[in-house]
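Participant: Here it is, the structure, as structure tokens.
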Amino acid sequence: MAKTQLGARVDEDVAELARCRAADLGLSIGDYLARLVQDDASGLRARAVDAAGRFLAEHQQIFDEAEDGGQATRGARAA
């Protein structure tokens, strides 16, 4: 498949994040960006975000209880 060069301007912190993440995955910046675009276009990212939202909605009470319990314990020890 023929490749086309694209150019984009982003903040330096975004560029550094892209470089680091691509390196973590063993990809070039171009391959990393291509993967992001393909995931976005296929709906994979949206499905993952939706699944995470459903998980949190179903289990929010457990997280809230754990957080409240941790704060109560810390406060009791400090008093």
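Participant: Over the chain, what percent of the accessible surface lies on carbon and sulfur atoms, probe 1.4 Å? Write down the numbers at each step before the final one.
Facilitator: Values: 3860 of 6960 Å².
Carbon plus sulfur share of accessible area: 56 percent.
Participant: Right, another one. Using the Cα atoms of the chain, I'd like the radius of gyration and the largest Cα-Cα distance, Dmax, both in angstrom.
Facilitator: 20.5, 68
Participant: Where only protein heavy atoms count, and the probe is 1.4 Å, what is the accessible area per residue for the chain in Å²? Present the calculation step by step, with values, prior to reporting the outcome.
Facilitator: On the way: 6960 Å² over 79 residues.
Per-residue value: 88 Å².
The values are calculated or read from the model by the stated rules, or taken from the named source; none is laboratory data. Since the model is a prediction, treat every value here as computed from it, not as a measurement. Surface areas here come from the heavy atoms of the whole protein model, side chains and all, with no ligands, DNA or RNA. Shrake-Rupley method; radii C 1.70, N 1.55, O 1.52, S 1.80 Å.
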